[in-house]
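See structure below.
Values in this text are rule-based calculations from the coordinates and carry no lab data. Values in this document were obtained by computation on a predicted structure and should not be read as measured data. Because the Cβ atoms are built from the backbone with ideal geometry, glycine has one as well, and the counts that use them run over all protein chains shown.
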Ligand code: FE
């Protein structure tokens, strides 16, 4: 029988202040390196109070990573050094590969009730791709396949392959799978994840057992990190459960990280900040 992954640990998200004063919950970040390799950070921004997010994330650089923004409610307006502007609306995903560098801003706006909710995941790039040309994948809600499985399980397939279907985000070095899974009350999701890939779950609504016979249920604002294995088996309690299930291939490379820039060595990090100060940071300007 395939080996079911056990829970390695569960971690409660912690409040942090980021950007120009955005209150968010950090699910994991630099203190967890290298536990989550190839993933670096997960932030959950969720508020009904515009004062808590409206100042947004004004112009800042990224290099050496990918940032993946998934908006659940409200929207995020963005603009960047390559001349791109746009809106990540409710249900949309922006998969941004910063590569050699972009300078951008991300400005959250609530829905008509002031509700803003989304997550931003950072994935690392290997040394061979840290200086690649920046690239965007803008995935609209309607481009995300909604797979309906047996037992009323629904899966929004954002990246990776499942049941012969490929998600809209392709050709990413870490071979990620990014799923938004909804289970009915007492529903079960049994799903294969390649051995050796790092995998974690993050509940959005409801509570569940993320390992058969788990001693503790997990709900929102809690990271569930899995041990290695071949599959996960996740069960809802007596209410529906919605969670993100994310996996990817570890890079096993040294990490030198400061703020929005993640490189392999301190020298590369110093170079990045020096270039940002003296105006030579952008290597690919685009249009
Ligand atoms: Fe950013």
Taking neighbour Cβ counts within 10 Å as the exposure measure, how do 122, 59 sort from fewest upward? 59, 122
Between residue 9 and residue 30, Cβ-based FRET efficiency (R0 22 Å, step 0.05) works out to 0.85
Give me 256, 100, 247 ranked fewest to most by other Cβ atoms within 10 Å of their Cβ, as a rough exposure proxy. 256, 100, 247
Packing-based exposure ordering (other Cβ within 10 Å, fewest first) of 35, 80: 35, 80
Put a dot 7 Å past each Cα toward the Cβ at residue 127 and residue 148; how far apart are the dots in nm? 5.0 nm
Please compute the contact order of the chain in relative form: average sequence separation of alpha-carbon pairs under 8 Å and at least six residues apart, divided by the residue count, as a percent. 21 percent
Roughly how far apart, in whole Å, are the Cα centres of the range 114-178 and the range 211-287? 13 Å
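How would you classify the range 48-183 from its alpha-carbon gyration tensor, with a ≥ b ≥ c the square roots of the eigenvalues: rounded for a/c under 1.5, else prolate if a/b is greater than b/c, otherwise oblate? The partial results should precede the final answer.
Numbers: a/c = 2.33, a/b = 1.11, b/c = 2.10.
Oblate, since a/c reaches 1.5 and b/c is not below a/b.
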Where both partners of a DSSP beta bridge lie in the chain, what percent of those bridges are antiparallel, to the nearest 5? 95 percent
Please list the three semi-axes, largest first and in whole Å, of the ellipsoid equivalent to the range 1-96, using sqrt of 5 times the eigenvalues of its alpha carbon gyration tensor. 27, 17, 15
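Taking 35 Å as R0, compute the FRET efficiency from the Cβ-Cβ separation of residue 284 and residue 161 and round it to 0.05.
Working: r = 29 Å, r/R0 = 0.84.
About 0.75, to the nearest 0.05.
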Once all Cα-Cα distances of the range 143-226 are split into 5 Å bins that start at 0, what whole-number percent is in each one? 3, 13, 23, 25, 21, 12, 3, 0
Could you tell me how many degrees, from 0 to 90 and to the nearest 10, lie between the Cα long axis of helix 266-278 and the main elongation axis, the longest principal axis, of the Cα atoms of the chain? 50 degrees
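In deg cm²/dmol and to the nearest 500, what is the mean residue ellipticity at 222 nm of the chain if only DSSP H runs of at least 4 residues count, each as -39500 (n - 2.57), divided by the residue total?
Details: 1 runs with 13 residues, N = 287.
About -1500 deg cm²/dmol.
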Square roots of five times the Cα gyration tensor eigenvalues for the range 7-278, Å: 29, 22, 18
Quick one: if you stick a label point 7 Å off each Cα along the C-beta vector at residue 266 and residue 138, how many nm between them? 4.1 nm
